[in-house]
Amino acid sequence: MLLHLFALLTAAATAVLIFAGGLVTSTGSGLSVPDWPNSYGWFMFTFPLENWVGGIFYEHSHRLIASTVGFLILVLAFWLWRAEPRRWVRRLGFIALGAVITQGVLGGITVLWYLPDPISIAHASLAEIVFCLTTTIALVTSPGWRNGYVGRRFSAAGAAQAAPYEDRRLQRVALATLATVYLQIVVGATMRHTDAGLAIPDFPWMFGHLVPDHWDPKIAVHFAHRVGALCVTVMLLLTTGHVFAHHRTRLELLRPSILLLVLVTLQITLGAFTVLSHKEYIINSLHVVTGASVLVTTLILTLRAHRARFADVLGPAGLAADTRLTAGPDHSGAAAGARA
Amino acid sequence: MRIGSVALVFTALVAALGAAACGGGEKSAPAPAAPVTNPVDPATAGAVTGKVTFMGTPPPAEPIKMSSDPRCVNPDAKTEAVMVAGDGSLQNVFVYVKDGLGSLKFPVPTTALVLDQKGCQYRPHVFGVQAGQPIEILNSDMTLHNIHAWPQTNQEFNVGQALQGIKDTHVFTTQEIMVPFRCDVHKWMNSFVGVVAHPFFAVTGADGAFELKGLPPGTYTIEAWHEKFGTKTASVTIGAKESKDVPFTFSG
C-alpha cells in the first residue's frame with residue numbers, strides 16, 4: 001500500500017511538472033537560463049533565490065521540479081525492483097526511469113541548441129509518456145487492480161457478482177481513443193513549438209469561416225489540432241457512452257468515464273480561451289496539463305478495460321478475484337474468461 | 001542482467017546526447033580577412049544625407065511593466081519601438097547602402113561597439129556594425145540577463161551574464177539586416193543590430209537625421225529599416241564630392 005501511495009505521489013508530481021513545463025513555453029522562458037545542467041554557472045540546487053526573477057523563475061522551477069520527479073522515479077524504480085513480485089511491473093519502473101532520464105537530456109539539449117522544434121516537440125511528447133508510465137505504475141500497484149474492483153451496487157462481500165470481465169468492443173474503442181488523444185497531444189505540441197497557437201486567431205470560426213479560407217503550414221497545424229479536438233471528443237463519447245450503456249455498475253470504469261467528460265469539456269473551454277485570450281499563460285498552461293489529464297484518464301480506463309489480460313500476473317488475491325471473471329456483455333457476444 | 005543491459009544502453013544514449021549537446025553552442029567563426037586601407041578616394045567621396053519622418057498619428061510609447069524583477073523596476077521606462085518627435089522625426093531607423101558598392105572591400109574596425117544592458121533596457125536600442133566588427137555586450141545592471149541573438153544567417157547565441165560588470169564579445173561575420181537581440185529573463189528587452197559589409201550605415205537619432213558619408217561617386221540603393229514600419233528604399237546617384245538629400249517617410 002505504501003508503494004502504491006508513493007507511486008501516486010510520483011504521478012501527481014509528474015502532472016505538476018507538466019504544468020510547470022507548460023508555464024515555461026507559455027511565458028517564452030525556455031532560454032532564460034542559457035546553460036545546462038548548471039544555471040548561470042551555479043550548481044542547479046544552489047542557484048540563489050534572489051535570482052529567480054522574470055523568465056528564470058519559470059525555467060529554473062521547471063528544472064528543480066524535473067529533478068524532483070527524476071529522483072522520485074529513481075526511488076520508485078528501485079522500490080519496485082526490491083518489493084514488487086510482478087516482473088513486468090518491475091520492468092515498468094526501469095522503463096520510466098530511462099524515459100525520465102532521456103526526457104531530462106532532451107530538455108537540456110533543447111536549451112543548448114536554442115529550442116529546435118523537433119527536440120522541443122519530442123521533449124513535450126515524451127513528457128506525456130513519462131506521465132503515462134508513472135500513472136500506470138500507480139494504477140497497477142493499487143489495491144483495486146491487484147485484488148479486484150467492487151461494483152457500485154455491491155458490498156465488498158458481494159464483489160463476486162461485480163467481477164471484471166473482458167469486453168472486447170470496449171477494449172478496442174478505449175485503445176483507439178487513447179491513441180487519438182496522444183496523437184492530438186503531439187499535434188498540440190507541434191502547434192505550440194512552431195508558434196502556431198494563434199495562426200487561426202478566432203474561435204469557434206476560422207477567419208470567419210467554418211474552414212480557413214487561406215492556408216500556410218502554421219494554419220494547417222492549428223487546423224489539425226482543432227480537427228483533432230473534434231476527433232478526441234467523438235472517440236471519448238463513444239468510449240464513455242459504451243461504459244454508461246453496458247458497464248454502469250463497474251465503478252472502476254464509470255468513474256474515469258465521468259471524469260473524462262468533465263475533463264474534455266474543460267479542455268475544449270481552455271483551448272477556446274487560449275485563443276481568445278491571445279495565449280494568456282495560465283490558461284495556456286492549464287490547457288497543457290488538462291490535456292495530459294485527459295490522456296492518463298483515458299489510459300486508466302483502457303487499462304482497467306484490459307485488466308483481465310493481466311490476471312496471470314496478479315498476486316494470490318488478484319488471482320482469486322479473476323477466477324470470478326464472467327462472460328462479456330450481451331451486446332458484444334464476446335465471451336471472455338479468466339486467463340489465469 | 002537484462003536490467004544491467006538496459007541501464008548500459010541508457011548510459012550510452014545519455015553520453016551520446018550529452019556529447020552532441022556540447023557541440024551546439026559554438027560562438028561565431030572568426031571574420032574573414034579584410035583590407036587594411038579604404039578603397040575610396042577621399043578627394044572624390046560624397047555623401048547621402050536625409051531625414052526620416054513619420055506621417056500620421058504614431059502609437060504612443062507604452063509604459064513597461066518591470067515588476068517581474070524587483071531590481072529592474074523603473075516607473076518611467078517606456079517602449080522604444082516607435083519614437084516620434086513633435087515634428088514627426090522618427091528615431092531608431094537603420095539606414096544603409098543596400099546596393100551599388102559592387103565588389104569593393106572595406107577595412108573592418110577593430111574597436112568594439114558596446115551594447116549595454118542598463119536599467120533593464122538595451123542601450124542602444126538599434127545600432128549597426130560592420131561584419132567582422134566586435135560587439136562588446138555589457139551588463140551594467142544589478143540583476144541577471146541572458147543575451148539571446150537569433151539571426152537567420154549568422155550564428156545564433158545565448159549567453160548569461162549573472163553579475164554586474166560582466167562583458168562578452170561577439171562577432172557577426174555575414175551581412176544581415178537585422179539581427180534581433182532579446183533577453184528571455186526580461187521579456188520587454190529587445191534590440192536590433194544591422195550587420196553590413198561596409199561602413200555606410202547610420203541610425204537616426206531624435207531629430208530623424210542620418211548621414212552616409214565617404215561614398216565613392218555612383219548610383220546607390222538606400223534602404224531605411226524600422227522595426228514596426230518595415231522598410232523603404234530609394235535610389236540616388238552622387239557625383240564626386242557631391243552630397244544628396246534622400247528623405248524617407250513612414251506611415252502607420
Checklist entry - In region A:80-89, which residue that is assigned to a helix (DSSP H, G or I) and either more than 9 Å from chain B (Cβ to nearest Cβ) or surrounded by 19 or more Cβ atoms within 10 Å (Cβ to Cβ) (or both) is nearest to the chain's Cα centre (by Cα)? => result A:V89
Item to check | Residue satisfying condition, being assigned to a loop (DSSP other than H, G, I, E, B), on the phi < 0 side of the Ramachandran plot and small (G, A, S), within set A:A179, A:A199 | outcome: A:A199
Checklist entry - Has region A:97-119 got at least one residue that is of a type in the set (G, A, S), in a helix (DSSP H, G or I), within 18 Å of the chain's Cα centre (by Cα) and crowded, with 24+ Cβ neighbours inside 10 Å? => result no
Checklist entry - Could we say that A:L178 is aliphatic (A, V, I, L, M), surrounded by 14 or more Cβ atoms within 10 Å (Cβ to Cβ) and more than 18 Å from the chain's Cα centre (by Cα) here? => result no
Item to check | Number of positions in region A:22-52 that are of a type outside the set (F, W, Y), touching a helix residue (DSSP H, G or I) at 6+ places or on another chain (Cβ under 8 Å) and more than 9 Å from every other protein chain (Cβ to nearest Cβ) | outcome: 8
Item to check | Considering residues of region B:101-152 that are touching a Gly at 6+ places or on another chain (Cβ under 6 Å) and more than 26 Å from B:C72 (Cα to Cα) only, the residue surrounded by the most Cβ atoms within 10 Å (Cβ to Cβ) | outcome: B:G128
Item to check | Condition met for B:G160 (more than 26 Å from B:P75 (Cβ to Cβ) and either among the aromatic types (F, W, Y) or free of Cβ contacts under 8 Å to residues at least 24 places away in the same chain (or both)) | outcome: yes
Checklist entry - Which ones in region A:53-79 are within 11 Å of chain B (Cβ to nearest Cβ) and either touching a residue at least 24 places away in the same chain (Cβ under 8 Å) or in a helix (DSSP H, G or I) (or both)? => result A:G54, A:G55, A:I56, A:F57, A:Y58, A:E59, A:H60, A:A77, A:F78
Checklist entry - Of A:T249, A:T326, A:T274, A:T240, which residue is modelled with pLDDT of 95 or more and either out of contact with any helix residue (DSSP H, G or I) (no Cβ under 6 Å at 6 or more places or on another chain) or closer than 30 Å to A:H123 by Cβ (or both)? => result A:T274
Next on the checklist: touching a Lys or Arg at 6+ places or on another chain (Cβ under 9 Å) and at positive phi: which single residue out of B:G208, B:G165, B:G252 fits that description?
Outcome noted: B:G208
Checklist entry - What's the number of the condition A:L170 fails, among (1) closer than 22 Å to A:S26 by Cβ; (2) surrounded by 14 or more Cβ atoms within 10 Å (Cβ to Cβ); (3) touching a helix residue (DSSP H, G or I) at 6+ places or on another chain (Cβ under 9 Å)? => result (1)
Checklist outcome for this item: Filtering region A:181-223 down to residues that are surrounded by 16 or more Cβ atoms within 10 Å (Cβ to Cβ) and of a type in the set (F, W, Y) yields A:Y182, A:F223
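The values are calculated or read from the model by the stated rules, or taken from the named source; none is laboratory data. Just so it is clear, the model here is predicted, and its values are computed rather than measured. Neighbour counts run over all protein chains shown; Cβ positions are idealised from the backbone, glycine included.
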